[in-house]
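Nothing in this text is a laboratory measurement; each read-out follows from the coordinates by a stated rule. Values in this document were obtained by computation on a predicted structure and should not be read as measured data. Heads up, the Cβs are rebuilt from the backbone with ideal geometry, glycines too, and the neighbour counts pull from every protein chain shown.
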Amino acid sequence: MNQARSRTVLTVLAAVLVVLLIWRAPELLSGTEASSPSAAGDTSSQTDGGSSAETTDPESGLAWVDLATLPPEAAETVALIDSDGPFPYDKDGSTFFNNEQNLPDRDQGYYREYTVETPGSPDRGARRIVSGADGELYWTEDHYESFERIRR
C-alpha cells in the first residue's frame, strides 16, 4: 500500500513537471523569460548576450510579449491587421471600448479589436488582439481580463 502510494505521488509529480516543461518550452528554447500579466509591475531589464530588453512597456505598464512566442494564429491576425483584412468575423475591426480600463486611457474609437482563432473552439473563443490608432498591439487570451503589449 505504501509503495503504491509512493508510485502515485511520483507519477503525479512527473506529470506536473512535463506540463511545466511544455508550458515553458518556447522560453527555454529561445533563452528568454516568459512575459506575464503578473510581471506588469516589473520594470527590470533582462540580459540576452549583452543587450538588454525591457520586460515592461513604459507607456502602458504592461508586460511585453514577443509576437513570435504567441500562438501562430496571433501572427496570422497581425498580418490581416497590417493588410487591412479581409477579416473572418464581422466584429473584427470594431471599436474596443476599454471598459475594463486595462489599457491606457484613450478617446473612444482609438482601439480596435480582432479575433485570434482558437483551434477547436465552436465560437470566436477568448483570444483577441487589440490595436491602437498609433499602431500599438495588445494581446489577451482571457477575453480582456488581462493584456500584454506585443513586441514585433
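Please rank V65, V78, fewest neighbouring Cβ atoms within 10 Å first, as an exposure proxy.
Values: V65 24, V78 20.
So the ranking, lowest neighbour count to highest, is V78, V65.
Give the average over all directions of the projected area of the C-alpha convex hull of the range 63-151, one decimal, in nm².
On the way: hull surface 22.2 nm².
Mean projected area for the range 63-151: 5.5 nm², to one decimal.
Fewest first, what order do L62, L80, L67 take by the number of other Cβ atoms within 10 Å? Write out the running numbers ahead of the final one.
Values: L62 23, L80 18, L67 14.
Going from least to most buried by this count: L67, L80, L62.
If I take every Cα pair under 8 Å that is 6 or more residues apart in the range 63-151, average their sequence separation and divide by the length, what percent do I get for the relative contact order?
Working: 141 pairs, mean separation 25.1, N = 89.
Averaging sequence separation for qualifying contacts and normalising by length gives 28 percent for the range 63-151.
Charges only on Cβ, +1 for Lys and Arg, -1 for Asp and Glu: so what's the dipole of the range 63-151 about the Cα centre, in debye to the nearest 20? Don't skip to the end; give the middle numbers.
Details: 8 positive and 19 negative charges, 4 e Å.
About 20 debye.
Could you please report the charge total around I150, scoring K, R as +1 and D, E as -1 over all other residues with beta-carbon less than 11 angstrom from its beta-carbon? Write down the numbers at each step before the final one.
Numbers: positive: R149, R151, R152; negative: D57, D66, E136, E148.
So the environment of I150 carries a net charge of -1.
Please compute the net charge surrounding E59, taking Lys and Arg as +1 and Asp and Glu as -1 over other residues with Cβ under 12 Å from its Cβ. Working shown, then result.
Details: positive: R106, R149; negative: E54, D57, D105, D134, E136.
Local charge sum for E59: -3.
If you find the alpha carbon centre of the range 86-152 and of the range 53-75, how far apart are they in angstrom?
When both Cα centres are located, 14 Å separates them.
If we count every other residue with Cβ under 10 angstrom of T140's Cβ, Lys/Arg +1 and Asp/Glu -1, where does the sum land? Present the calculation step by step, with values, prior to reporting the outcome.
Values: positive: R127, R128; negative: E100, E113, E141, D142, E145, E148.
Residues close to T140 contribute a combined charge of -4.
For Y111, list long-range residues whose amide hydrogen, built 1.01 Å from N in the peptide plane, is under 5 Å from its own amide hydrogen.
Answer set, sorted by chain and number: F96.
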